[in-house]
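The values are calculated or read from the model by the stated rules, or taken from the named source; none is laboratory data. Bear in mind that the values here come from a model prediction, so they are computed numbers and not experimental data. Please note: Cβ atoms are built from the backbone with ideal geometry, for glycine as well, and neighbour counts cover all protein chains shown. Remember, those area values only see protein heavy atoms, side chains included, never the ligands or the DNA or RNA. Shrake-Rupley method; radii C 1.70, N 1.55, O 1.52, S 1.80 Å.
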Amino acid sequence: MCGSGKRITCIVDGDTFWFEGEKIRVQGYDTPEPQTGLCGGRAERELAHQASKKFMEIMNSGSVSIFRTGTDRYGRTLANVTVNGVDVGDALIAEGLARRYPDGCEFWCRSCE
């Protein structure tokens, strides 16, 4: 996980990481926020930490492939990411730690029916 020092290669949260000095936002899914924009309060923060931990486990479990697609309004590289051929977003969604983005419901904020 990223600390307060210079970020080279580390996990920011469940959908963002640094790789060799490049900040990458993974496309296709979204995870709860660990600090800002908390619509789900403490439960969202706890789910965010679980998502970040699982994301780190996945990223450290095999061969990572990064397919860059552009940049977002914050200057982050947008990319699709797989580990051992498995999409990381699909893995986190299957674990109940993320939602599809942009069309998935933020289940940590409200009831999704």
Gly40, sole failed condition from (1) open to solvent by less than 40 Å² (accessible area, probe 1.4 Å); (2) touching a Leu at 6+ places or on another chain (Cβ under 7 Å): (2)
Residue hits (the range 79-99; in contact with a helix residue (DSSP H, G or I) (Cβ under 8 Å, 6 or more places away or on another chain), surrounded by 17 or more Cβ atoms within 10 Å (Cβ to Cβ), within 18 Å of Glu33 (Cα to Cα) and not aliphatic (A, V, I, L, M)) are Arg99
Just to be sure I understand the filter: pairs with C-beta atoms under 9 Å, separated by 6 or more residues or on different chains, first member in the range 27-52 and free of Cβ contacts under 8 Å to residues at least 24 places away in the same chain, second member open to solvent by 70 Å² or more (accessible area, probe 1.4 Å) and of a type in the set (Lys, Arg). Which pairs pass? Glu33/Arg45; Pro34/Arg45; Gln35/Arg45; Leu38/Arg45
In the range 64-85, the residues that are among the hydroxyl-bearing types (Ser, Thr, Tyr) and under 11 Å from Arg25 (Cα atoms): Thr69, Thr71, Tyr74, Thr77
So, first residue on the phi < 0 side of the Ramachandran plot and among the small types (Gly, Ala, Ser) in the range 67-80, second residue surrounded by 10 or more Cβ atoms within 10 Å (Cβ to Cβ) and not in a strand (DSSP E or B), Cβ within less than 9 Å, six or more apart or across chains; the pairs are Ala79/Gln27
Mind checking whether some residue in the range 29-36 is crowded, with 19+ Cβ neighbours inside 10 Å and not in a loop (DSSP other than H, G, I, E, B)? yes
Could you grab me the full set of residues in the range 2-19 that are of a type in the set (Val, Ile, Thr) and either part of a loop (DSSP other than H, G, I, E, B) or open to solvent by 20 Å² or more (accessible area, probe 1.4 Å) (or both)? Ile8, Thr9, Val12
Could you tell me how many of the residues in the range 43-78 are open to solvent by 30 Å² or more (accessible area, probe 1.4 Å) and in a strand (DSSP E or B)? 9
Close pairs (8 angstrom Cβ cut-off, 6 or more residues apart or separate chains): closer than 14 Å to Arg68 by Cβ in the range 12-23, open to solvent by 20 Å² or more (accessible area, probe 1.4 Å) and among the small types (Gly, Ala, Ser) anywhere: Lys23/Gly75
